[in-house]
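Novice: Pasting a structure below so you can have a look.
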Amino acid sequence: MRFLLFISGICMLAAYSSCSTAYKGLQAEGENDCMASFKPAFSRALYNTNVNVVGKHLSGLLIIKTMPDSSVRMVFSNEAGFKFFDFGFKKDDFTVYYIFDQMNKKSVIKTLRKDFQLVLMTHLQSSNRYFIEKNDGYYHSFRDGQDYYHYVTDASCKELLRMERAGRRKKVMEAVMQDYRNGIPDTIGIKHSNFSFTIELKRIHDAPDQ
Amino acid sequence: MRNLILICVLIMAAFHVSAQYPGYTAIKDINAFQTGFAAASQKTTSIKSDFVQEKNLSLLADKIVSKGKFWFKKENMVRMEYTQPFQYLMIINGQNIYVKDSQKENKISAKSNKLFQQINKIIIDCVKGEALESGDFNTRIFEGKESYLAELSPVNKNLQALFKNINVIVEKKNYEVTGIEMHEPSGDNTIIHFNNRQLNTTLPDALFAVH
């Protein structure tokens, strides 16, 4: 009986969720280049990284580098050099060059891919673009399949307030990029809404020209 | 004809070795090396050293350099403290591992995690020189002008996925370990150089306390 009540509760919650929408009223948006100024130019950046996922903690170093073919490589290893993953992003393409066996799960890779695509702003060239003005900001949104990538700015599009990844109705995660220096953010934060998962990146200026 | 083929194979093998480790050739007297190394390892009760770690990312043509301090005390206590360009502390004390990063501190029992157990054993065995005799690796020894290079190739499949081989660099004059190179199957590697080494100084156990 309790189990049935639980199931019905979940169903009601699911039904309620599907009715509510955080992004109602998105309108198609024409060409708008204002987002381009926020797109991080990761020529080469090293970040001190902290990952917290459902009570587990992982720290390490994330290096992000733009390669000669304009793809962006991301390698995450622990402080002692033990590599966790090596990903490549190029427009719509995504390559897993390496992933540590215990992390090698479709759901993990998919989540990381989408989270970092939001941060890298890989969808800015998409023609599936939308816009809505809300009380908490101006949403410049890009659709990729069932996913929406929202970039929330102030009215003049001079400040990127936050980024959000969502389904059709509900926010999945939120991210921020702050304190840009030479086009590269010093701080990047990722926080998921539906389960306890955060990624915190703080840039390490390890090269003299940085 | 057979002899010709044999000579060709030997020449190719010799080229392969010298190409693999420039400046090194396969050692002639393995026994002499093993005896000298074992004697030096036995005499070493503690090591205090600075270290420089290079993580070389081959496809990215990039490297991450970090520095810190290293302590070892027999039988199985290691403290590695990274100080630049980030703060990170790792203590291995027997089966216990303590890690403190920029955000959290964590105590892990190597017993609960087979991978940690293996990596823990590799670090201790490399420093103590026991990895050379371990059944976990196939070992080849090479000789350079001033140092030996002990190439350890993992036998275990799990370790093979992580490391193509681990090279331990040993100084010729005193058989001290001056470097450890961990080569990954992808071509990336992590190289640790030990500088300003001090052997057999008194190191308090508190240095290796796992809180």
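Novice: Taking A:H150, is it farther than 28 Å from A:G60 by Cβ, surrounded by 15 or more Cβ atoms within 10 Å (Cβ to Cβ) and either of a type outside the set (A, V, I, L, M, F, W, C) or within 14 Å of another protein chain (Cβ to nearest Cβ) (or both)?
Specialist: When the stated conditions are applied, A:H150 passes them.
Novice: Residue check, B:E75 against (1) part of a strand (DSSP E or B); (2) closer than 17 Å to B:I47 by Cβ, all met but one. Which one?
Specialist: Condition (1) is where B:E75 drops out.
Novice: With respect to B:I92, determine if the residue is closer than 18 Å to B:N167 by Cβ and either of a type in the set (A, V, I, L, M) or free of Cβ contacts under 8 Å to residues at least 12 places away in the same chain (or both).
Specialist: no
Novice: While we're on this one: Within segment A:184-198, can you find the residues that are surrounded by 13 or more Cβ atoms within 10 Å (Cβ to Cβ) and not aliphatic (A, V, I, L, M)?
Specialist: Within segment A:184-198, A:P185, A:D186, A:T187, A:G189, A:K191, A:H192, A:S193, A:F197, A:T198 qualify.
Novice: Which one is farthest from B:M90 (Cα to Cα) among residues in segment B:22-67 that are assigned to a strand (DSSP E or B) and polar (S, T, N, Q)?
Specialist: Only one residue fits best here, namely B:T25.
Novice: Quick check on segment B:173-200: of everything there that is farther than 15 Å from B:S66 by Cα and among the hydrophobic types (A, V, I, L, M, F, W, C), which residue is surrounded by the most Cβ atoms within 10 Å (Cβ to Cβ)?
Specialist: If we take residues in segment B:173-200 being farther than 15 Å from B:S66 by Cα and among the hydrophobic types (A, V, I, L, M, F, W, C), then B:V177 is surrounded by the most Cβ atoms within 10 Å (Cβ to Cβ).
Residue by residue, here is whether (1) within 14 Å of another protein chain (Cβ to nearest Cβ); (2) farther than 22 Å from A:K83 by Cα; (3) more than 16 Å from the chain's Cα centre (by Cα) holds:
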position: B:E171; (1), (2), (3): no, yes, no
position: B:I180; (1), (2), (3): yes, no, no
position: B:P185; (1), (2), (3): yes, no, yes
position: B:H193; (1), (2), (3): yes, no, no
position: B:L203; (1), (2), (3): no, yes, yes
position: B:H211; (1), (2), (3): no, yes, yes
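Novice: Which of the residues that make up segment A:43-76 are facing chain B (nearest Cβ under 7 Å) and buried (at least 18 other Cβ atoms within 10 Å of the Cβ)?
Specialist: Listed by number, the residues that qualify are A:L46, A:N48, A:N50, A:S59, A:L61, A:I63, A:K65, A:R73, A:V75.
Novice: Another question about this same structure. Looking at segment A:96-118, can you tell me whether even one residue there is under 23 Å from A:A41 (Cα atoms), more than 14 Å from every other protein chain (Cβ to nearest Cβ) and outside any helix (DSSP H, G or I)?
Specialist: no
Novice: Within segment B:142-169, take every residue that is within 16 Å of B:V127 (Cα to Cα) and of a type in the set (V, I, T) and give me the one that is nearest to the other protein chains (Cβ to nearest Cβ).
Specialist: Step by step, filter segment B:142-169, then rank; the result is B:I166.
Novice: I'd like the residue in segment B:78-97 that is in a strand (DSSP E or B), under 14 Å from A:N78 (Cα atoms) and out of contact with any Leu (no Cβ under 8 Å at 6 or more places or on another chain) and, out of all such residues, is modelled with the lowest pLDDT.
Specialist: If we take residues in segment B:78-97 being in a strand (DSSP E or B), under 14 Å from A:N78 (Cα atoms) and out of contact with any Leu (no Cβ under 8 Å at 6 or more places or on another chain), then B:M90 is modelled with the lowest pLDDT.
Novice: With respect to B:D125, determine if the residue is surrounded by 15 or more Cβ atoms within 10 Å (Cβ to Cβ), of a type in the set (D, E) and at pLDDT below 90.
Specialist: Yes; evaluated as a whole, the condition is true for this residue.
Novice: Could you tell me whether any residue of segment A:35-57 is touching a strand residue (DSSP E or B) at 6+ places or on another chain (Cβ under 7 Å) and without any contact (Cβ under 8 Å) to a residue 12 or more places away in the chain?
Specialist: Yes; the residues of segment A:35-57 include at least one that is touching a strand residue (DSSP E or B) at 6+ places or on another chain (Cβ under 7 Å) and without any contact (Cβ under 8 Å) to a residue 12 or more places away in the chain.
Novice: Same structure again: Between a first residue in segment B:44-72 that is under 17 Å from B:E176 (Cβ atoms) and a second residue that is in a loop (DSSP other than H, G, I, E, B) and at pLDDT 95 or above, which pairs have beta carbons less than 7 Å apart while being 6 or more apart in sequence or on different chains?
Specialist: B:T44/B:N200; B:T45/B:N200; B:S46/B:N200; B:S46/B:T201; B:S46/B:L203; B:K48/B:T201; B:K48/B:L203; B:W71/B:L203
Novice: On to the next question. Considering each of B:K100, B:K67 in turn, give the residue that is out of contact with any His (no Cβ under 7 Å at 6 or more places or on another chain), at pLDDT 95 or above and either within 12 Å of chain A (Cβ to nearest Cβ) or surrounded by 15 or more Cβ atoms within 10 Å (Cβ to Cβ) (or both).
Specialist: B:K67
Novice: Identify all residues within segment A:145-171 that are over 24 Å from A:N48 (Cα atoms), in a strand (DSSP E or B) and touching a residue at least 40 places away in the same chain (Cβ under 8 Å); write none if there are none.
Specialist: Those that are over 24 Å from A:N48 (Cα atoms), in a strand (DSSP E or B) and touching a residue at least 40 places away in the same chain (Cβ under 8 Å): A:Y148, A:H150, A:Y151, A:T153, A:A166, A:K171.
The values are calculated or read from the model by the stated rules, or taken from the named source; none is laboratory data. Values in this document were obtained by computation on a predicted structure and should not be read as measured data. Virtual Cβ from ideal backbone geometry, glycine too; neighbours counted across all protein chains shown.
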